[in-house]
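Inspection log for the structure reproduced underneath, given as structure tokens.
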Amino acid sequence: MANTVLVGAQWGDEGKGKVIDYLTDRVDVVVRSQGGNNAGHTVVVGDVKYILRLIPSGILRPGKLCVIGNGVVVDPISLCEEIGELKSQGVEISKENLLISEAAHLVFPYHKLIDEYRELAVGPNKIGTTKRGIGPAYGDKIARVGIRLGDLLVPDRFKDRLDSRRQEVDWLLQQYGAKPIDWRELTRQYLVAGEQLKEMVTNTVLELHGLMQEGKEILFEGAQGTFLDIDHGTYPYVTSSNTTAGGACTGAGVPPTRIDRVVGAMKAYTTRVGEGPFPTEDQGISDMLHAMGREFGVNTGRERRCGWFDAVATRFAVIVNGIDEIAVTNLDGLDQLETIKICVEYKREGKGVVSPPTCVQEFGRCTPVYIEVPGWKEPTTGAKTYEDLPKNARLYLEKVCELIGAKLSLVGVGQKREQTIVVTPELVAAS
Ligand code: IMP
């Protein structure tokens, strides 16, 4: 398989973990290039459930190299915990299968506090963040006051860099009325984590270029989704990184000329967590999915907001990412329905709108226009091939593809690794 970028084509939580896990089998290297431990991928292998936050899902496949790229923000304490949890589940992790960029920026406890207090300060205008400190950590990076993983490995340099942040951070936390930081304890804990991660920290840009020269193939696994992109999403209700395909290049140091294909993951319906516009949100479908025990956040346990498939938004995701193929997940979530709605355009002040507006206020004024298609009212969870799917399920998928202008490659009909239907074998064979 060629160098592939996998992106979320909606608001995150598209079931990318499962798709990535499937695609990983066909590549040598799996790279995370943006986001932090705000992401959460669930992969079920046999009866074991693995939860991945920062570590690429490739870690579950022996012989694959995983890379956390320069574009990721790393909370080293949380990363050490994640490594510990996976090891306790029998997953081997060492520098043989996990490399971390020395240029990745660190997330600190003060970032989490600022994240939390900033949300409180804006009251009803809050973003609904994961409170993992992601926005403030990226903020420091862009403001050029961030501290990187490479700094952590040199204790004196790390202490100096951290010292240079104290005055401003203490002042800010005081304004918020937050508990002050215990800098000594923070330094101690971070240096311990640094020591643990040290053997894996390297110049991952050079590593990746060396691997490409050897003919190794790479999967860039996206975190979050297109409409959470800092530039192309429903700003300000977004995350703080580029979740779209271009983010894979800047976040890993691999040029666009080396990317061969982009695969988009999307649910058969739509979900979002946190605040912000969501034109096709629907209480009925939310209640149905929650009653099925689905659509609760992996990391935060929050109920996800749910709605119908939005072809207007997803068509834009196809364009902005250059999506060639799509993987539709969670088809089984629609198994019970008599009829299913698909949003084909928005109406704003009586006029038809065929692409999502840039401005969030206008987005909020759009109402969806639906078509209705018949449901299939039978379980799809046991389907092994595309032909095994009920006719109406296939018609639904084909309609979705026609509306968004992309080719169907994979269909997910359950959480397990085996519950994945390969529709176009080219996806796994092409190189
Ligand atoms: P932050 O990334 O924690 O700053 O949160 C910003 C927005 O992105 C919030 O609406 C979050 O709910 C959303 N978000 C962040 N990570 C994920 C994810 O992995 N899945 C879905 N939404 C996410």
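The values are calculated or read from the model by the stated rules, or taken from the named source; none is laboratory data. On a predicted model such as this, the values are computed, not experimentally measured, just so you know. Don't worry about glycine lacking a Cβ; one is built from the backbone with ideal geometry, like all the others, and counts go over all protein chains shown.
Brief remarks follow.
- Every pair of residues 6+ apart whose Cβ atoms lie under 6 Å, when the first sits in the range 253-274 and is touching a residue at least 24 places away in the same chain (Cβ under 8 Å) while the second is part of a strand (DSSP E or B) and within 16 Å of the ligand (Cβ to nearest atom): 263/6; 264/7; 265/8; 267/329; 270/307; 270/310; 271/306; 272/305
- Which listed residue is in a loop (DSSP other than H, G, I, E, B) and either surrounded by 13 or more Cβ atoms within 10 Å (Cβ to Cβ) or away from the ligand (no atom under 16 Å from the Cβ) (or both), from 144, 157: 144
- Residue selected from the range 290-302 under the condition surrounded by fewer than 22 Cβ atoms within 10 Å (Cβ to Cβ) and in contact (Cβ under 8 Å) with a residue 24 or more places away in the chain, by the criterion nearest to residue 81 (Cα to Cα): 299
- Qualifying residue in the range 345-356 (condition: in contact with a Phe, Trp or Tyr (Cβ under 7 Å, 6 or more places away or on another chain), in a loop (DSSP other than H, G, I, E, B) and not β-branched (Val, Ile, Thr)): yes
- Between 84, 90, 36, 40, the distinction of being within 13 Å of the ligand (Cβ to nearest atom) and either surrounded by fewer than 24 Cβ atoms within 10 Å (Cβ to Cβ) or under 19 Å from residue 263 (Cβ atoms) (or both) belongs to 40 only.
- Single unsatisfied condition, residue 314 versus (1) assigned to a helix (DSSP H, G or I); (2) buried (at least 22 other Cβ atoms within 10 Å of the Cβ); (3) out of contact with any strand residue (DSSP E or B) (no Cβ under 9 Å at 6 or more places or on another chain): (3)
- Residue selected from the range 324-339 under the condition in contact with a helix residue (DSSP H, G or I) (Cβ under 8 Å, 6 or more places away or on another chain) and in contact (Cβ under 8 Å) with a residue 60 or more places away in the chain, by the criterion nearest to residue 372 (Cα to Cα): 334
- Residue selected from the range 276-328 under the condition more than 15 Å from the ligand (Cβ to nearest atom) and of a type in the set (S, T, N, Q), by the criterion nearest to residue 242 (Cα to Cα): 321
- Of the candidates 32, 26, 61, the single residue that is in the same structural domain as residue 247 (by TED's automatic domain parsing), within 25 Å of residue 136 (Cβ to Cβ) and among the basic types (Lys, Arg) is 32.
- In the range 10-19, the residues that are of a type outside the set (Lys, Arg), at negative phi and within 13 Å of the ligand (Cβ to nearest atom): 10, 11, 14, 17
- Filter result for residue 258 (away from the ligand (no atom under 16 Å from the Cβ) and of a type in the set (Lys, Arg)): yes
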